[in-house]
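Okay, so here's the structure we're looking at.
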Amino acid sequence: MRTAMFSAQNYERALLNELNTDHGHDLVYLDALLDSDTASLAAGFPAVSVFVNDTVDRRVLNHLARGETKIVATRCTGFNHIDLEAADELGIKVVRVSNYSPNSVAEFAVGLLLALNRKIHRAYNRTRESNFSLDGLMGFDLVGRTVAVIGTGKIGTIFGRIMVGFGCNVIGFDVHRSPEFERIGGRYVDAEGVETADVISMHCPLTPETYHIVGQRTLARVKKGALLINTSRGGLVDTEAAIDALKSGRLGGMALDVYEQEASLFYKDLSSSIVSDDVMQRLISFPNVIVTGHQAFFTREALQTILGTTLESLSEFEAGRTLTNQISINRSNG
Ligand code: NAD
């Protein structure tokens, strides 16, 4: 099926071509992010594939519907960037990749936590300049510490299991209790309970309910020196409030793989440009902040499953089969 692949990265194109030999779709790779300015590029394509920072709101979907698009396949788990109600009204099906190596994200979150706590990012830069001093590099033992997991689904539970392995006391906050999270040794607390943790790691979807779930109020009450890890979605954390909490010392450090305004920055090489996002510039000026560019999912295993599932969804649609990974409109999960 003729498919416009928006935000197609170089690392995806080679693998897609390889995997597509089993499917035979006509894939057209586009560098552009999908938004209302670029939606016309999809005219005449029955299928459109997008990634996390493409905009698939009502306006864009109207453009796509006019251009005869019938299916949108997002190459990720989260779908907060897609207006499902509008898609449903316009008769456009939406599919995602509901299950691909959740380990990839959980393991990366652990990596960020270790780097942030033990200042590995700073040590790496120092030793490259023959500075072997330890001043400012002290961390704390994780064993016996309390780690809060916000969103105890697939990724949050794996992250929790790894932290139980470190000897941590793992607590969880979620609107649904997972027996698996309790089986691995996690204990549920209410929203306030999270404020007792030494480490808070975000693993819930971005929805209207979770927008800025970590905001000024929570940040004012977290344990002094707590570390915040966000590998889920930028909008979960109020970045300006987090900067204030870092400045006051209430927050001991923050590691972000996702950022509220990431669409204009991430997946681009801006090293020769002046970055005009002052909030990001401020963030990266802190010694106790680590920013990575939405790469937690990025393992060979995960990418193969993401792209393979996307191609399979397109094949299912073309053949009129049931769409295994269709997002139904009444799901509140993103
Ligand atoms: P999942 O659906 O298995 O788990 C999400 C959990 O969040 C569920 O248990 C759900 O009940 C909970 N939740 C929903 N609303 C909540 C609320 N208001 N408060 C507390 N908890 C709530 O999803 P998953 O596969 O574990 O993925 C989690 C998130 O990770 C995704 O939504 C996505 O945003 C993010 N993600 C990031 C990357 C990356 O590369 N950085 C990759 C994949 C997924």
Q: Any chance you could run the full-extension gain for residue 131 through residue 107? It's 0.36 nm times the residue separation minus the Cα-Cα distance, nm to one decimal.
A: 5.7 nm
Q | Stokes-Einstein D for the range 169-320, Kirkwood Rh over Cα pairs, 25 °C, 0.890 mPa s (µm²/s) | A | 141
Q | Neighbourhood net charge (11 Å Cβ-Cβ; Lys/Arg +1, Asp/Glu -1) for residue 259 | A | -3
Q) In degrees from 0 to 90, rounded to the nearest 10, what is the angle of the helix 102-118 Cα long axis to the longest principal axis of the chain? A) 30
Q) When the accessible area of the range 243-331 is split by element with a 1.4 Å probe, what percent falls to carbon and sulfur? A) 48
**Q.** Value at 222 nm in deg cm²/dmol, rounded to 500, when DSSP H runs of n ≥ 4 in the chain each add -39,500 (n - 2.57)
**A.** -9500 deg cm²/dmol
Q | Dmax and Rg, reported as Rg then Dmax, of the chain (C-alpha, Å) | A | 20.8, 64
Q: Whole number in Å², please: accessible area per residue of the chain, 1.4 Å probe, ligands, DNA and RNA not counted.
A: 47
Q | Debye-sum result for the range 1-112 in log10 I(q)/I(0), which assumes one identical scatterer on each alpha carbon, at q = 0.13, 0.18, 0.20 Å⁻¹ | A | -0.50, -0.90, -1.07
Q: Count charges around residue 156 for me, please; just the other residues with Cβ under 15 Å from its Cβ, Lys/Arg as +1, Asp/Glu as -1.
A: +1
Q: Could you name the lysines whose alpha carbon sits less than 25 Å from that of residue 154, not counting residues in the same chain fewer than 8 places away?
A: 93
Q: Measure off, as a whole percent, the carbon and sulfur share of the 1.4 Å-probe accessible area of the range 93-202, all protein chains present.
A: 53
Q.
Going by Cα centres, the range 40-70 and the range 265-334 are how many Å apart?
A. 18
Q: Could you bin all the Cα-Cα distances of the range 249-326 into 10 Å bins starting at 0 and give me the percent of pairs in each, rounded to whole numbers?
A: 14, 32, 24, 19, 10, 1
Q) Taking 0.36 nm per intervening residue step and subtracting the Cα-Cα distance, what contour gain separates residue 279 from residue 187 on full extension? A) 29.6 nm
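The values are calculated or read from the model by the stated rules, or taken from the named source; none is laboratory data. Computed from a predicted model, the values in this text were never measured in an experiment. Note that each Cβ is placed from the backbone with ideal geometry, even for glycine, and that neighbours are counted across all protein chains shown. Remember, those area values only see protein heavy atoms, side chains included, never the ligands or the DNA or RNA. Shrake-Rupley method; radii C 1.70, N 1.55, O 1.52, S 1.80 Å.
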